[in-house]
Amino acid sequence: MNLSEIPRVSHITKEDFIENYFKPQKPVVIERAIEDWPAFRKWNLSYMKDVAGDITVPLYDNRPVQHKDGFNEPHATMKMADYVDLLKAEPTKYRIFLWNILKEVPKLQKDYTFPDFGLRLLKGLPMLFFGGKDSYTFMHYDIDLANIFHFHFDGEKEVVLFPQSETKHLYKVPHSLITHESIDFSNPDYKEWPALKNASGYKSTLSHGEVLYMPEGYWHYMKYNTPGFSMSLRAIARNPKNLAKASYNIFIMRYYDVLMRKLKGQDWIDEKNEKAIAKTNEVFRVSN
């Protein structure tokens, strides 16, 4: 993979952000955008244990998708207090994703504001993501191809990004939003996944209080170097092609995939994974 460091700025005006990053659809890390938030001082794992310890949270690990697990069903549940204790005690693959803090812990709304980067952020969809040391998300892009602002807290997180133009090199699984789940994007095996050698993207490591802007539809892989968590705020896609693709994903593709899982079970999942490898490797052979 050919990975460039994501550009970094200390602060940024909305005019500079729109001109230099949003319009050309390039990622950026903003290092000191939220130092005036109470969350910057308060949000760490211990604080989350204090304010949400009694809540039962759904947990997911890094196992490949299996039909017997159900569609988006959690792999375990745990009290938030116990989960934080686990994160601090030892490495764990268990993660929380898409946790809506507006719904679960309204008190946390007082700890942040919606920054003015020149885009209209969706006020009802702030989501939290937690992970233990060495846990990671599969390479994926979001179903709505939104513009995403990813705020990291407590610890460090490794990030790898690719624009949609690199999809042909990434072993995308058909009728889904993920690449083949066996790929380790922290240390890819190019003998097994040769097309990745042609993929050009970005990388960075996020620390407490830093904000990553991910443009519309960007593929992203994230690995927790230490236990920690992040919050994402999003703005709808502006590019008409991305809006059309988001509508297809939401209203057609996901329902088709669910239907085929019901009809064919694990065979459908295995078939998609095989096609991801065959199609990507064929493009690689032709282009080389």
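The values are calculated or read from the model by the stated rules, or taken from the named source; none is laboratory data. For clarity, every value in this text was computed on a predicted model and none was experimentally measured. Positions of Cβ are backbone-derived with ideal geometry, glycine not excepted, and every protein chain shown enters the neighbour counts.
Examine region 72-80 for a residue that is loosely packed, with under 14 Cβ neighbours inside 10 Å, among the acidic types (Asp, Glu) and touching a residue at least 24 places away in the same chain (Cβ under 8 Å), and state whether such a residue exists.
Looking for residues that are loosely packed, with under 14 Cβ neighbours inside 10 Å, among the acidic types (Asp, Glu) and touching a residue at least 24 places away in the same chain (Cβ under 8 Å), one finds none in region 72-80, hence no.
Find the residue count for region 168-189, including only residues that are in contact with a Ser or Thr (Cβ under 7 Å, 6 or more places away or on another chain), part of a loop (DSSP other than H, G, I, E, B) and at negative phi.
Residues that pass the stated criteria total 2.
If we scan region 272-286, do we find a residue that is surrounded by 16 or more Cβ atoms within 10 Å (Cβ to Cβ), closer than 30 Å to residue 13 by Cα, of a type in the set (S, T, N, Q) and in contact (Cβ under 8 Å) with a residue 40 or more places away in the chain?
no
Just one of 59, 102 is exposed (fewer than 15 other Cβ atoms within 10 Å of the Cβ), of a type outside the set (S, T, N, Q) and touching a helix residue (DSSP H, G or I) at 6+ places or on another chain (Cβ under 9 Å); which is it?
102
Where the second residue is surrounded by fewer than 19 Cβ atoms within 10 Å (Cβ to Cβ) and of a type in the set (Ser, Thr, Tyr) and the first is within 21 Å of residue 249 (Cα to Cα) and lies in region 140-168, which pairs have Cβ atoms under 8 Å and are six or more apart or on separate chains?
Taking only residues 6 or more apart or on different chains, the pairs are 162/200; 166/200.
Hey, does region 53-71 have a residue that's touching a Leu at 6+ places or on another chain (Cβ under 7 Å), small (Gly, Ala, Ser) and at pLDDT below 95?
no
Checking residue 24 against (1) surrounded by fewer than 18 Cβ atoms within 10 Å (Cβ to Cβ); (2) in contact (Cβ under 8 Å) with a residue 12 or more places away in the chain, only one condition comes out false. Which one?
(2)
Can you work out which of the residues in region 190-210 that are hydroxyl-bearing (Ser, Thr, Tyr) and touching a strand residue (DSSP E or B) at 6+ places or on another chain (Cβ under 6 Å) is surrounded by the fewest Cβ atoms within 10 Å (Cβ to Cβ)?
The residue in question is 200.
So, in region 242-266, exactly how many residues are in contact (Cβ under 8 Å) with a residue 60 or more places away in the chain and either at negative phi or under 19 Å from the mean Cα position of the chain (by Cα) (or both)?
14
Just checking, which of 149, 153 is of a type outside the set (A, V, I, L, M) and under 30 Å from residue 172 (Cβ atoms)? Show your work before the answer.
Working: 153 fails: under 30 Å from residue 172 (Cβ atoms).
Of the residues listed, the single one that is of a type outside the set (A, V, I, L, M) and under 30 Å from residue 172 (Cβ atoms) is 149.
Hey, among 219, 268, which residue is out of contact with any Leu (no Cβ under 7 Å at 6 or more places or on another chain) and surrounded by 15 or more Cβ atoms within 10 Å (Cβ to Cβ)?
268
Collect the residues in region 27-43 that are without any contact (Cβ under 8 Å) to a residue 40 or more places away in the chain and either part of a loop (DSSP other than H, G, I, E, B) or touching a helix residue (DSSP H, G or I) at 6+ places or on another chain (Cβ under 8 Å) (or both), keeping them in residue-number order.
Within region 27-43, just 36 meets the criteria.
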